[in-house]
Amino acid sequence: MEELLRRDATDQIAALNSKRVSALELLKASLARHEQTHSRLNAVVAVDLERALERARAIDDLRARGEAVGLLAGLPMTIKDTLDIVGLPASSGLKHLRTRQAEDAWAVRAAKHDGAVIWGKTNTPVMAGDWQTFNALYGTTNNPWDGARTTGGSSGGAAAALAAGVTALEIGSDIGGSLRIPASFCGVFSHKPTWGLVDQHGHVPPSPGSWSERDLNVVGPMARSARDLRLLLSVIEGGPLAAKAPPADLKEARIALWLDEPSFPLDGQVRATIEAFASELTAAGAQVTPIPSPVHMPSLMGAYQVLLGAVLGEDMPPATIKAMERMRGWARWQMGRGAGPTSNAAMTLAYTATHREWMAADAVRARLRHEISELFTRFDAILTPITLLTAFPHDHRPFGRRSLTTSAGAAVPYASMLNWISLATALHLPATAIPVGRAADGLPVGAQLIGALNNDARTLALAQAIEENVRGFETPPEPST
């Protein structure tokens, strides 16, 4: 059974459909794997055992009677703890949110409709607001590759559970790299859909019960294979976009390789890993062409900060926002002296932006999205880093005191984590995160395939072709006992 848990969801579903294993047996095996790894990883932080067992038995009964079942029928799944589930409301790391009554988030309801057996919630930082996964309610989630390091955030519990074989499919979310960064740090796959493709209703934040379709934020799949991403996206987006797309031929693929941006730091070992992977793609027949930055990135980062700040500011206490509003004069002065787009001054102005300032940022976004559309007439996707470095050690100090250290010993701002993920997020583009190898420090490195607006099917098909012909998921080593 342990070997089956290491297989991807597609293989597990095949075993269920052929009755080589029952839904109940597979669920119990997943729960046992959770118990085996929980003290080390702390990935799954809430469980609804009674409902899951009842659901698994019901699906086994349907199969025994020969009745029609859904695409995910009997597959044990976990869900990021920012999505509401009946009996497991999203806590987003806050105690008072987990005690309320909740309906299924739209994406959860879609997965259940297709037969998924949802049994647990995976950890997330408070209000999904960090690139590390920890909170006072559930504690810290550790990276399966090195427990002293972060899984990334905010879908960090999801990525850890996938990498460790605790779950085969996950639904996460992304506004600042929250699907892609954990995938990179833990060596799994994820897909940030085109904005608006998957309904966000039932995601917290915003406040529970909100019908707001938040700008920039997306809900998307995480998995151990690209074909599983396509499968789950076809379920939660409610159409044939992902599952029925034609397969990609790497010998016909045109991939732009973007590794150079003067304003974005990139660790040498991450760059070397992606360059080696690009060589593997070329050897497999793909046409890989290095390109400069596809748009003017300082302009994009400035607009992204305002657009992101407008969303995140909604979740901040009113007193905090008022204090930041009083600092706008100081922030403008700092920006005039050369403060960068990830500085405290820039964030102060972003969190307190006026509607006129938001409209100006939106206009920049629209212009840049128009500019980049020409590039996608020449290339199928842009291959680019997700993060500037591999998974870093846990650091739970206040944001203002944190910084990152490259393998060469250089210190870079913590907010630099926004850099490489910004293009797809700000312009609402699809991005598929794929594992591309391990760096010199032995930790996983992921890269993203960014595609044209609404062309999710293409990046997913490319990711599957790469997985099948070049490389895919690698199981983390089990700790020695």
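Summary of computed values
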item: Residue match in the range 41-59 (condition: farther than 16 Å from G120 by Cα, in the same structural domain as N123 (by TED's automatic domain parsing), free of Cβ contacts under 8 Å to residues at least 24 places away in the same chain and over 27 Å from the mean Cα position of the chain (by Cα)); result: yes
item: Residue satisfying all of: in the range 363-388; in a loop (DSSP other than H, G, I, E, B) and surrounded by 14 or more Cβ atoms within 10 Å (Cβ to Cβ); nearest to the chain's Cα centre (by Cα) among these; result: I386
item: Of residues in the range 323-339 being among the aliphatic types (A, V, I, L, M) and surrounded by 15 or more Cβ atoms within 10 Å (Cβ to Cβ), the one farthest from the chain's Cα centre (by Cα); result: M327
item: Residue that is small (G, A, S), touching a strand residue (DSSP E or B) at 6+ places or on another chain (Cβ under 9 Å) and crowded, with 22+ Cβ neighbours inside 10 Å, where the choices are A226, A248; result: A226
item: Matching residues, the range 128-162, being in contact with a His (Cβ under 9 Å, 6 or more places away or on another chain), under 16 Å from G172 (Cβ atoms) and of a type in the set (G, A, S); result: A128, A161
item: Single condition P125 does not satisfy, out of (1) of a type outside the set (K, R); (2) modelled with pLDDT under 95; (3) touching a Ser or Thr at 6+ places or on another chain (Cβ under 7 Å); result: (2)
item: Which listed residue, of T273, T320, is surrounded by 15 or more Cβ atoms within 10 Å (Cβ to Cβ), among the hydroxyl-bearing types (S, T, Y) and assigned to a helix (DSSP H, G or I); result: T273
item: Total residues in the range 158-183, condition in a strand (DSSP E or B) and either small (G, A, S) or farther than 15 Å from T124 by Cβ (or both); result: 3
item: Residue in the range 180-216 that is farthest from N454 (Cα to Cα), counting only those that are touching a His at 6+ places or on another chain (Cβ under 7 Å) and modelled with pLDDT of 95 or more; result: W195
item: Hits in the range 350-362 (condition: of a type in the set (G, A, S) and either surrounded by fewer than 17 Cβ atoms within 10 Å (Cβ to Cβ) or over 23 Å from A415 (Cα atoms) (or both)); result: A360
item: Residue, nearest to the chain's Cα centre (by Cα), within the range 2-40, restricted to residues that are free of Cβ contacts under 8 Å to residues at least 60 places away in the same chain and within 21 Å of E474 (Cβ to Cβ); result: D11
item: Test result for W131, aromatic (F, W, Y), within 22 Å of A29 (Cα to Cα) and surrounded by 24 or more Cβ atoms within 10 Å (Cβ to Cβ); result: no
item: Residue check, M77 part of a helix (DSSP H, G or I) and crowded, with 19+ Cβ neighbours inside 10 Å; result: no
item: Yes/no for L26 being farther than 26 Å from G147 by Cβ and either hydroxyl-bearing (S, T, Y) or crowded, with 18+ Cβ neighbours inside 10 Å (or both); result: yes
item: Of all residues making up the range 339-362, the number that are part of a helix (DSSP H, G or I) and in contact with a Gly (Cβ under 8 Å, 6 or more places away or on another chain); result: 7
item: Any hit, the range 94-104, residues being outside any strand (DSSP E or B) and surrounded by 24 or more Cβ atoms within 10 Å (Cβ to Cβ); result: no
item: Strands (runs of 3 or more DSSP E) fully within the range 389-464 counting 1 or more residues that are more than 23 Å from R227 (Cα to Cα); result: 403-405, 411-413
item: Any hit, the range 184-197, residues being in contact with a Leu (Cβ under 9 Å, 6 or more places away or on another chain), part of a loop (DSSP other than H, G, I, E, B) and more than 23 Å from A461 (Cβ to Cβ); result: no
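The values are calculated or read from the model by the stated rules, or taken from the named source; none is laboratory data. As the structure is a prediction and not an experimental result, all values here were calculated from the model. A quick note on method: Cβ atoms are made from the backbone with ideal geometry, for glycine too, and the neighbour counts reach across all protein chains shown.
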